[in-house]
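The values are calculated or read from the model by the stated rules, or taken from the named source; none is laboratory data. All figures in this text were calculated on a predicted structure; none of them were measured in a lab. So basically every Cβ, Gly included, is an ideal-geometry build from the backbone, and we count neighbours across all protein chains shown.
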Amino acid sequence: MNVLHLFKIIQMKTPNSTDKIFREKLGEYASEVPAGMWDAIDNQRSGKQRTMLWWQRKGKWVALIILVLGAGYLVLGDEEAAHGARHTAHGDTVQVENAAIMDESAEVENDAIEGNENKSSSQSKNNNQNQDKNNPFLTEKAATTNIIKNSKDLKNTTPIKQTPFVKSANIINENTPTDIISNIDKTLAETSEDNSILNINNKPTPFDLTNLQTNELSENNLLSTLEIPALSELTLKGKSDPCYAFNPYDSGKKGPPRLYIDVLAGPDYAHRTLTAKDADLGGGYATIRDSTETSRLGFSSTVRLSIVLANGIALRSGIAYAQINEKLDLFDGTTTGIETYEIKDVNGNVIGVQTDTVIGTRIKTTYNRFQMVDIPVILGYEVRDRNWTVSLNGGAFFNVLFKKKGEFLSPNLAPVNFSSNATPQYEAYEKTVGMSLFGSVGVNYKVGNRLHLMAEPHFRYYMDSFTNANYPLQQNYWAVGMNLGIRVQLF
Amino acid sequence: MTEQELVKGCINENRTAQQEVFRLYAGKMLTVCRRYARHNSEAQDLCQEGFIRVFNKIHTFKATGSFEGWIRRVMVNVALKNYQRSSFQKEQIGLEGYQEGAADPTVFSHLHEEELLKLVAALPEGYRVVFNLYAIEGYSHAEIAKLMGIGESTSRSQLVKARKMLQGMVRELQNVA
């Protein structure tokens, strides 16, 4: 026997030699494929499935584009809406100012306008006409401020399009800034000597109407004097900012209800309490179950419709899913097991029986879960402040489906299977878990025209025991969780 | 068709390319499935399910590795899923006191592949899976433990026992002969 042969024998005697033979012989071995297998695969992958898969592969780009466009629409649409709201808010300010002036000095104003209109300097008018043409902003401002001059006309103006203010601006757009200023000056001076209705904080402003004189206007200072804040800064004493009052999210207690769809999901932690129905018989058993089972992080999700009235009261309902997870750990350090196997020849005939006695540890881990589908009925109250909404919710969940899966120690301290589909099933649980009480605080942030992000920590208390009357323990739960999701305004 | 063209064709749901892939690899993959299955009909089901999964997930194949290796991994995963499907519960039995037998492993080299497959198929399910993963696929005990949800020591002990059972079966065969 040479050294090489001896080495081979030693190598073959190592534990891996068995593995190596199997790896070499079976690793590349091709079995004979049954004739119908390809047809079966082809049939199983139906045309519909192929089409769906193609869309899944190629359609992700389509989906991405749709998502980007959708997000863009939601976000930019919101910006456009906000832009429109700003314009409208300006108009709103003018209206309030206008109304105030009209209310307190209608007669004087009319006289002043009629009396002074023709007295406006034709030179100034001509000078500023050029400026009007070259400066659209000035034209716009002039048109806006000139509402006061034409307040008489406005009384008979029927609003069209979006707001009456747009219409007003169009009507009076022909007037020049000089006319406007002079008329504002005269009107305000005559109608309110101390200008007490105007809140300008007693500071000189770029547009201090009381001090502005027509003859002081020049091409240069006209721009500066007319720039920006204009009448939008003029607010009525003791009244809220009319811009804000026009914000649709601060519409007071008027307006139609809003309908939202809320999609929420997040982790839950469920706390279990096992109580013996008969303390003498079940106390120790409850302790054993508690020591062998532990809670794990669960999950809940909700899809619901929310109807929110203008006064903030909300009614919500939909469908909710909750899953309580637990783990059973059994450990036996001195297990003795006997395992018996049939030994077969290459033709599959049983040629003997092998019996092994196994001594060692036994660890049994079972992941238990309780799944619930519920119908929530929730009453809420929402408070809005611009893009933020805070809600307080309370209600009840009505269980419609209850499934369970797993094992626990029976009163005989043997592991039993209580799964809904187990045969035989250890019947310890009810068919449904009845009603549970729900409470939550929600915070929403508006990120798009109709889109909100939501965070809703919640609490849930299950009113009834999960176990049935025959089982010696009552198994009750309460759960806390944090749901995150989105809210989309349907209308 | 090259391998790259086959993969591209399969991604585009080209039936000819899919059939070619099946023709090329079905035999070897059926062997893989037979090693994990309890009997031939189960192996055929696994192989069928595996190829369906291959065609459904082929867009996830990265051309950096072997295509055959990727298909093989898919088959093994399908087999493992089948093994775990029936039970959400995992019962582990340690074998700390078990001693490996001293049978000569060279006897396996004289057996035909079909005979070896039958020996593997005769192993208890857990042992069979561990033996296949470790001895033939080349997984480590840590990887097997993770895949099967068992402890590494359990994987080791099941491998030892699988080897011993295989040797025992061969001894019986020799005795019968």
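Look through the range B:4-24, keep the residues that are within 9 Å of another protein chain (Cβ to nearest Cβ) and assigned to a loop (DSSP other than H, G, I, E, B), and return whichever of them is nearest to B:Gln84 (Cα to Cα).
Ranking the candidates gives B:Glu13 first.
Quick one: in the range B:124-144, which of the residues that are assigned to a helix (DSSP H, G or I) and free of Cβ contacts under 8 Å to residues at least 24 places away in the same chain is surrounded by the fewest Cβ atoms within 10 Å (Cβ to Cβ)?
Among those residues, the one meeting the criterion is B:Ala142.
Only one residue in B:Ala79, B:Ala122 is modelled with pLDDT of 65 or more and at the interface with chain A (Cβ under 7 Å from one of its Cβ atoms). Which one?
Checking each option against the conditions leaves just B:Ala122.
From the set of residues in the range B:151-161 that are crowded, with 23+ Cβ neighbours inside 10 Å and more than 9 Å from chain A (Cβ to nearest Cβ), which is farthest from B:His112 (Cα to Cα)?
By that ranking, first place goes to B:Ser155.
Go through the range A:383-438 and give me each residue that's within 14 Å of chain B (Cβ to nearest Cβ), assigned to a loop (DSSP other than H, G, I, E, B) and surrounded by fewer than 16 Cβ atoms within 10 Å (Cβ to Cβ).
Residues satisfying the conditions are A:Ala414, A:Ser420, A:Asn421, A:Ala422, A:Thr423.
Kindly list the number of the only condition in (1) modelled with pLDDT of 90 or more; (2) under 30 Å from A:Gly442 (Cβ atoms) that fails for A:Arg384.
It fails just one condition, (1).
Yes or no, residue by residue, for (1) buried (at least 18 other Cβ atoms within 10 Å of the Cβ); (2) β-branched (Val, Ile, Thr); (3) at the interface with another protein chain (Cβ under 10 Å from one of its Cβ atoms):
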| residue | (1), (2), (3) |
| --- | --- |
| B:Ala26 | yes, no, yes |
| B:Asn40 | no, no, yes |
| B:Ile58 | yes, yes, yes |
| B:Val74 | yes, yes, no |
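Is there any pair linking a residue in the range B:26-55 that is under 10 Å from B:Met75 (Cα atoms) and not assigned by TED's automatic domain parsing to the domain that holds B:Ala121 to one that is among the hydrophobic types (A, V, I, L, M, F, W, C) and part of a loop (DSSP other than H, G, I, E, B), with Cβ under 6 Å and at least six apart or on different chains, and which?
From residues that are under 10 Å from B:Met75 (Cα atoms) and not assigned by TED's automatic domain parsing to the domain that holds B:Ala121, the pairs are B:Leu30/A:Val33; B:Leu46/B:Ala37.
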